[in-house]
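Here the structure comes first, spelled out in structure tokens, and everything after it is commentary.
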Amino acid sequence: MQKADYDLIIAGGGPAGLTAGLYAARARLRTLLVEKMAPGGQAATTFYIENYPGFAQGISGPDLTQAMEEQAKRFGLEVTYGEVKGLSSRKPFWELEVEDRKVSAKAVIVATGVEPRKLGVPGEETLRGRGVSYCATCDGPFFKDQDIGVIGGGDSAVEEALYLTRFAKRVYLVHRRDALRAEKILQERALENPKIEILWDTVVTKVVGDSGVEGLELQNVKTQGTRSLKVGGVFFYVGLLSNAGFLRGTLNLDDQGYVLTDDTMATSAVGIFAAGDVRKKLLRQIATAVGDGAMAAFAAERYIESGKWP
Ligand code: NAP
């Protein structure tokens, strides 16, 4: 009988994928994890993580995710790099298109996570990498002693605004409403931080600059009044987009493109499971991603051992 290259392929190397990899490797499944860039996902771009249990003083995102990778590899997880471009049925297996090669497996766990949403205002794309950023941990140190804008009012915006106060002279948190969405403890810290000024009920209409960001055009949504704000950099945190586009037509997704699963992480396609932020779920956290990863690997193992693959 024809053989699959692997028992299990995991697409995505954030906390969900790495946890699935750990459990699958310990279950002695021949497992390949495919990661687009560096393992760790969004968590690896977070400077400090305070709400992942077990680290009383918190832990840096890169340290936590590197430890997760090391732990999974210690039990035999194989990791390869490349973008997963497609997933198709090659009965009785599934075949993943990774860059220009194809790899097959009896089961697949999709843990491709999310990416930052673009606001779509003029100047955002043209000045990307020249003052416009979506990653404070990566780019924050470039803005030492400058004024910075952070756009959004969720956990990401508030957490990263707080982080940026290490470098910036002043951080303007621009939020479209009069209440933040972020965790209460983050709100308290932002409100108490003398370096953070919150611009309530305000939206960005343009990022201004030629060779680099020089400022923002803002509008108050209540008064319709406009103003210019001088900043040397701007960080957008206006939500996330699911990285499940390559699955459209193969799996059932919700109207925002998140993968629908049952409580064993099984998707609408037999033999494909999903875990972590890419899944439709109420709470996107590292703590929930690792739970998804463990469950998906366990369910995939059961499925593979049942021998019932189509
Ligand atoms: P989010 O929770 O979706 O928040 C996005 C923010 O951007 C909201 O404040 C939203 O305003 C604003 N926004 C959206 N569209 C906008 C527009 N067109 N113009 C202006 N503002 C706009 O995204 P997130 O903060 O990246 O968080 C995503 C998920 O990751 C959440 O589940 C979050 O809990 C989790 N996360 C957790 C942590 C942590 O636990 N420390 C850290 C980071 C992320 P409104 O409030 O008015 O909708």
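Summary table below
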{"item": "Helical contribution to [θ] at 222 nm, DSSP H n ≥ 4, -39,500 (n - 2.57), averaged over the chain, rounded to 500", "result": "-7000 deg cm²/dmol"}
{"item": "Alpha-carbon gyration tensor eigenvalues x 5, square-rooted, for the stretch 214-282, Å", "result": "40, 13, 10"}
{"item": "Relative contact order (%) - the chain, alpha-carbon pairs under 8 angstrom, separation at least six", "result": "21 percent"}
{"item": "The stretch 206-266 and the stretch 68-89: distance between their alpha carbon centers, rounded to Å", "result": "28 Å"}
{"item": "Stokes-Einstein diffusion coefficient of the stretch 118-236, Kirkwood radius over Cα pairs, 37 °C, 0.692 mPa s, in µm²/s", "result": "236 µm²/s"}
{"item": "Alpha-carbon radius of gyration plus Dmax, which is the widest Cα pair, for the stretch 11-169 in Å", "result": "18.4, 59"}
{"item": "Set LYS36/LYS206; LYS144/LYS206; LYS106/LYS280; LYS3/LYS73; LYS230/LYS281 screened for pairs whose C-alpha atoms are more than 27 Å apart", "result": "LYS36/LYS206; LYS230/LYS281"}
{"item": "Per principal axis, descending, Cα span of the stretch 127-187 in whole Å", "result": "29, 22, 17"}
{"item": "Pairs of Cα atoms farther than 28 Å apart, the chain, %", "result": "44 percent"}
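Here, each number is a calculation from the coordinates, and none is a lab measurement. All values derive from a computational prediction rather than experimental measurement.
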